[in-house]
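Participant: Shown below is the structure under consideration.
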Amino acid sequence: MPAPLAKCRCAVVLVVLCFLSASSVSLLPARAQAHNKTQNVIFVMTDGLRWQEVFRGADLALMTKDEGGVTDLPELKRLYWRQSQEERRRLLMPFLWSTIVKNGQIYGNRDRGSDASVTNGLNFSYPGYSETLCGYPDSRINSNDKVPNPNVTILEWLNKRVAYRGRVAAFGAWDVFPFIFNEPRARFLVNAGYDSLNSLPRSARIDLLNHFKHETPRIWAAEPFDSIPFYTALEFLQVRRPRILFLSLGETDEWAHAGNYTEYLNAAHRVDAYLARLWNTVQSLPEYRDKTILVFSPDHGRGELSDWKNHGEKVPDSKYIWMAFLGPDTAALGERSQIPSVTQNQLAATLAALLGEDYVAEVSRSGKPIRDVLPH
């Protein structure tokens with residue numbers, strides 16, 4: 001073969017190979033998205049709920065007046081105490097154990113060799129939410145002050161994509177969430193604290209919820225009872241049908257700080273009922289049914305025994321958390337045991353990967369997706 005012709009053919013082959021290689025890279029997200037059944041995300045967080053109650057149920061050592069401020073022990077035991085650990089946890093969180101764990105996965109039972117933890121080292125709320133939502137800790141996020149987050153959250157990242165633009169919303173009990181999401185920059189709805197919801201058409205239900213926000217007695221200055229953000233988010237879900245819905249509830253943390261173990265358990269039980277209501281709602285709607293992932297996790301843990309009221313850098317055990325997943329692409333592996341540890345900074349990339357998006361490719365600091373949660 002003449003040398004010039006050989007060089008020409010080699011050049012053509014190289015061009016074709018380069019084209020195919022580039023095409024395969026560019027098509028990876030599209031192929032992943034086509035392969036994934038998941039099209040929507042509902043991410044629920046409950047502030048500071050310990051892994052101990054999630055996996056062991058009510059703690060008898062805290063069901064006392066001195067440790068837990070308990071005033072009616074017989075009634076509390078009737079509601080939440082059984083000799084069997086499995087029975088106790090099902091009493092406390094029946095939907096979690098009967099539906100989420102049965103059909104999905106849960107991580108974080110340290111008794112069974114499954115660790116889940118934060119990586120920010122501070123073990124309190126703003127750093128925990130930022131790590132969860134951005135995929136990495138940031139030393140600049142070192143307080144709960146109302147400072148706009150300099151980092152882009154996974155919700156903002158998704159909202160910049162055409163498929164999700166205008167279909168992302170966040171609701172929270174805590175009034176710091178507009179700062180955690182940096183709402184003016186993020187340009188999606190963040191409704192939190194006692195703020196009215198004004199982005200939906202006026203209706204009797206919305207008017208009532210807004211009245212509740214303003215007229216219910218305020219036990220805590222920074223957040224209302226969980227029922228208010230929950231029902232506001234539920235109403236928004238049914239009217240606007242977002243593809244990405246975030247909801248954070250706060251009573252589990254507030255009652256724990258107050259040393260009220262009875263109300264702490266009641267709050268955890270209500271959160272479980274809210275999860276059931278959300279899940280039943282999305283399964284009743286064609287655009288969500290069998291196309292939606294439900295993710296459930298806290299922002300931080302709490303201490304053991306007398307330290308159960310507290311968390312933070314000086315309470316090392318409060319770094320331990322848990323995380324649960326239920327959706328069409330997540331294998332029903334149930335309660336995980338004897339597996340490598342997972343971390344809070346993996347959640348953002350995991351949510352993106354479930355939607356067929358590669359978050360780590362753009363945000364290299366992020367933790368990697370949890371592979372067992374993804375389709376195989």
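FYI, it's all coordinate maths here, none of it is from the lab. What you are looking at is a predicted structure, and each value in this text was computed from that prediction instead of being measured. Cβ placement follows ideal geometry from the backbone for every residue including glycine, while neighbour counts extend to all protein chains displayed.
Participant: What list of ³J(HN,Hα) couplings, whole Hz, do you get for the stretch 361-376 from phi and the Karplus terms 6.51, -1.76, 1.60, once you set θ to phi - 60° and write x for glycine and proline?
Facilitator: Values, residue by residue: 4, 9, 10, 5, 6, 5, x, 7, x, 7, 5, 5, 7, 8, x, 10 Hz.
Participant: Under a GNM of the chain (C-alpha, springs under 10 Å), which listed residue has the highest mean-square fluctuation: Ser297, Ser366, Ser341?
Facilitator: Among Ser297, Ser366, Ser341, the largest mean-square fluctuation in the Gaussian network model of the chain belongs to Ser341.
Participant: Still on this model: Once you keep just the Cα pairs under 8 angstrom separated by 6 or more residues, what percentage relative contact order results for the chain? Working shown, then result.
Facilitator: Working: 734 pairs, mean separation 114.1, N = 376.
Over the chain, the number comes to 30 percent.
Participant: Could you list which residues have their amide H under 5 Å from that of Ser117, counting only those 5 or more apart in sequence or on another chain, with H placed in the peptide plane?
Facilitator: Ile321, Val342, Thr343, Gln344
Participant: Based solely on its DSSP helices, what 222 nm [θ] is calculated for the chain when runs of n ≥ 4 H residues each add -39,500 (n - 2.57) and the sum is averaged over all residues, nearest 500 deg cm²/dmol? Before the final figure, lay out each step's value.
Facilitator: Values: 15 runs with 151 residues, N = 376.
Computed ellipticity for the chain at 222 nm equals -12000 deg cm²/dmol.
Participant: Let me ask you something else. Which of the peptides 171-183, 105-117, 343-355, 209-221 is most tightly packed, and how do the rest follow, going by the mean number of other Cβ atoms within 10 Å of each residue? Walk me through the numbers on the way to the answer.
Facilitator: Details: 171-183: 23.3, 105-117: 19.5, 343-355: 25.2, 209-221: 13.3.
Packing proxy ranking, top to bottom: 343-355, 171-183, 105-117, 209-221.
Participant: Share of antiparallel DSSP beta bridges in the stretch 38-373, in percent to the nearest 5? Walk me through the intermediate numbers first.
Facilitator: Working: 7 of 32 bridges.
Looking only at bridges with both residues in the stretch 38-373, the antiparallel portion is about 20 percent.
Participant: On to the next question. Considering the Cα trace of the stretch 187-258, what is its radius of gyration and what is Dmax, both in angstroms?
Facilitator: Cα-based Rg and Dmax for the stretch 187-258 come out at 12.6, 38 Å.
Participant: Could you check which residue among Ala170, Ala267, Ala204 shows the biggest mean-square fluctuation in a GNM of the chain with a 10 Å Cα cutoff?
Facilitator: Ala204
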